[in-house]
Amino acid sequence: MRNIRVPFRLKQKLLRTAVLTLSLALLLGGCGPLITAPDSRDIPIEKKEKKLDENGWRTILEAVRVSKSITNFSVQADLRTREQNKYHESRVFGHVVLPDKIVMSQSVDGRSYYVYQDENITYYRKEDVWRPVERIRLPDTWGSLERLSNAQLSKVYRQKDISMLTPNDTEVYEFEADAVAVAGLPAPQGKSIPSRYTIYIDKKDRFIRQIDIVSTSAVDDVGTLFSEAAIKFFDIGTTKVEMPAALEKHLKEQKR
Amino acid sequence: MKKTVFTALYAVFLVAFYQLIVTPLLLDLSYIGLAILIAGTALAFFAVPRPWRRTFSLLSILILLVSYGLMHIFADYLIWKLINLPVMFLLLGWIASSYAGITWRSTLTVFTAVTVLLSVVPLPEMAFYGKLRIEHETEALDLRPIFPVYPLVNQGSTLYTLGDFRKLTDQEIKEAQIDPKERPPLVSAEKQRQQLENVDVLRFLPTEGYEKQLVSKEEMSSLPFPSFGLAGFPYYASSWTIENGAVKQHFTQADSPQTVLTSFLDPLTVTIAMDDRANRSVDTSRKNWENTFGREARPQYPGATLIGKGKFLPDGSTQLLLLGNNEIRLINEASPTDSPIATYKGSWEQPIARNLVIGDIDGDGLDEVMVNSTPAKILKLNRDRNFEQIWESGKRSFRFEFVTKQEGTNQPLIVTQDPSLIRDQETRYLTGYTWQNGELRREWRVFKSSLLFPFPVSDDTWVSGSYGRPRIIVLKPMDMSVPAILTGIYAALVLAGYGCQIVQRRERRNA
């Protein structure tokens, strides 16, 4: 320490001036480089390729017809609703054997539920407690898709094939329609729900693998209700409905 | 004594420098930031005269270890603080004295200096001081799954939100605990449901030191219906009761979970069912609001919502910006029933859902609309009265928050939350921009994420909610630029170090 004190004193004026000048320059100049927020000219937004398919509609209806034979399948689905900058989410994951067997976990805006129904019993888990409930009437998932033929469509687009189980094993079709008309429901006060449907069809067995629906509708005081659903079907023809271990344990405890 | 003071000051400087300069470099520039950091560290390392380099480096590592250790200890329970603090001091002090040649006195100095610094500015909040200071921070509010983000409403400088102010009795806590062996699970489940679905409405007032207060019926009825009426939207309908003069809000499921579940098995109606559920949620809440507060809450603009007022035309008149079904409508305030002055429709990829900001970004006296679609964009009304897109973000997670005046300049400040320069991810940081030559030029950035819808309550007071640990944070912008000062000190120290070494070499050569 001592050996540098003398030379430092000798040059301290010079150093002080340099330090002061630099500090002031940094302070006044803000010392930061000029940064701008990257815009879409810097980073172009990627767009999905799609082309008009004259046979698209026929292909979709054919897939609906083929899928009608499905009785047992697994489902993974979620529905995201956007309002303001907030997302609300509802999810399900489980197995179905039509017409009335189901085992499925569910979450609605962060709260979890679980349902089990076989030919004899129906149990629902809410707030971590299994309760017997009335039988749940399951919709005819594949039969209900036949309502698609009600839709008056002008254009069906085909996107690039995607890989779900094996490379490029799924065809993807897209069309826009009014959800109320597609579902064949009576329109309440002329309400329309513009929607975009994306149907994923297995190339080999022609089953419908997934349905995506994006809809916007008007709600008083909210403006736009933007709903985005993705319903994926898998283990088609092989899935089983088995009682969850937790319910089995609960029923055993009740018998005691 | 001098050495102790220097060590203490260096400890404070290094912790602040690390938090406000080093961490932002990495967060903003990723690997490039890391390269700059390595270069900066090397520059500082070689600026230290050779005999002190080892001690200086080890002292720096000790300071950073102490700061992180203390941050974790501060967040712990008192008993753990009492146990961990001496253990950490003894352990680090022993390692420092045995292997690094740092005296116990220096370690104690570092501990004391960093403890004092973190008591004044806790490490997790230090990032704010890149531009803002925390005027006040409320205690943690309840995080309830039924509203993933809680509503934060202001009327003037009074802030309102939801939370459970009522302390649970020991009996209630016992009942809420799920232990099937000791009590019937249904009782516990019912208690749990009640806790989830019933909350107090809270008020925070600056004149009351932002102390949590319960809201009276009169106060609540002076708020517009959408303020809290949409809190449970779209899965829950709200209702209100008055208990001991205070308002309590309740949430009831608009649809049973079973109905929500089965709607997935009829894929073509899943979004229709959602629309129906959402409408019922609003309608039921509206009726409940009217019944409780005796005020009519009919929608002012059926099928739409009012985003705000603005001046979009050069004639000085005021217009209203409405949002309908994925469409912005600009209407005249004086004649709202006339056909819209201009409209702008959102697309499937970029829907518009009440995520808009109105503000004059270029200071020309006319407002622009910032649309927080993905990616975000800025619209300006052109001479032909069409909304024209003048800017679109290159990042998908860019979000506009508000536009405010800046003191001493006519350039408005555009406050956003947007991600790192390199990566495009959901972690966003509060940033201030100005509009210059068709670009958003960054004025400052606070590397603090998890902020929830910040908004200004006055020119110099901003309020923000927070994800994770819900609370209300009151912020004030600082004129002083702490990062610039720290960078200046760093540059001065480095320069002084090299200066010293040059002088030393000359002396040695001359000798």
(request) For B:Ala254, enumerate residues with amide H under 5 Å from its amide H, sequence gap 5+ or separate chain, H modeled in the peptide plane. (result) B:Tyr236, B:Ala237
(request) Return one whole number: the accessible area per residue of the stretch B:59-143 in Å², for a 1.4 Å probe. (result) 53
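Per residue, how big is the convex hull of the protein assembly as shown when only Cα atoms are used? Give it in Å³.
On the way: hull volume 174.6 nm³, N = 767.
Value for the protein assembly as shown: 228 Å³ per residue.
Can you give the calculated 222 nm mean residue ellipticity of chain B, where each DSSP H run of n ≥ 4 adds -39,500 (n - 2.57) and the sum is split over every residue, rounded to the nearest 500 deg cm²/dmol?
Helix-only estimate at 222 nm: -12500 deg cm²/dmol.
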(request) Enter the per residue convex hull volume of chain B, computed from alpha-carbon coordinates, in Å³ rounded to the nearest integer. (result) 222
(message) What do you get for GluC sites (Glu not before Pro) in the stretch A:104-181 restricted to DSSP loop and a cutoff of at most 12 other Cβ within 10 Å of the site's Cβ?
(response) A:Glu119, A:Glu134
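How large is the dipole of chain B about the Cα centre if only Lys and Arg carry +1 and Asp and Glu carry -1, each at its Cβ, rounded to the nearest 20 debye?
Result for chain B is approximately 2420 debye, rounded to the nearest 20.
Provide a whole-number value for the mean count of partner chain Cβ atoms within 10 Å of the Cβ atoms in peptide A:106-114.
That works out to 6 on average.
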(request) Could you let me know the centre-to-centre spacing of the stretch A:218-245 and the stretch A:162-209, using Cα atoms, in angstrom? (result) 14
(message) Apply the a/c threshold of 1.5 to the C-alpha gyration tensor of the stretch B:294-346 and tell me whether it is rounded, prolate or oblate.
(response) oblate
(message) Under the 0.36 nm per residue contour assumption, what length would be gained going from the current alpha-carbon distance of B:Glu507 and B:Ile79 to full extension?
(response) 148.4 nm
(message) Can you pull out the trypsin sites (Lys or Arg not before Pro) in the stretch B:369-420 whose DSSP state is coil and whose Cβ has at most 11 other Cβ atoms within 10 Å?
(response) B:Arg383
(message) Between the stretch B:367-430 and the stretch B:249-286, how far is it from one alpha carbon centroid to the other, in angstrom?
(response) 34
(message) I'd like the carbon and sulfur percentage of the solvent accessible area for the stretch B:217-314, probe radius 1.4 Å, heavy atoms only, ligands and nucleic acids excluded.
(response) 47
(request) Mean Kyte-Doolittle of at least 0.5 plus a Cα span of 30 Å or more along the axis: flag which DSSP H helices in chain B meet both, please. (result) B:53-74, B:78-99
(request) Take the solvent-accessible surface of the protein heavy atoms, probe 1.4 Å, and return the percent of it on the stretch B:60-119 that carbon and sulfur atoms account for. (result) 77
(request) Note the buried accessible area between A and B here, summed over both chains, with a 1.4 Å probe, in Å² to the nearest 100. (result) 8400
(request) Principal axes first, then extents: for the Cα atoms of the stretch B:207-255, list largest minus smallest coordinate on each axis, whole Å, largest first. (result) 41, 20, 18
(request) Please return the longest stretch of chain B lacking exposed loop sites, where GluC sites (Glu not before Pro) count only if DSSP places them in a loop and at most 14 other Cβ atoms lie within 10 Å. (result) B:1-138
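The values are calculated or read from the model by the stated rules, or taken from the named source; none is laboratory data. Worth saying up front: this structure is predicted, and the values here are computed from it rather than measured. Note that we place each Cβ from the backbone using ideal geometry, even for glycine, and neighbour counts take in every protein chain shown. Accessible surface is based on the protein model in full, side chains and every heavy atom, while ligands, DNA and RNA are left aside. Shrake-Rupley method; radii C 1.70, N 1.55, O 1.52, S 1.80 Å.
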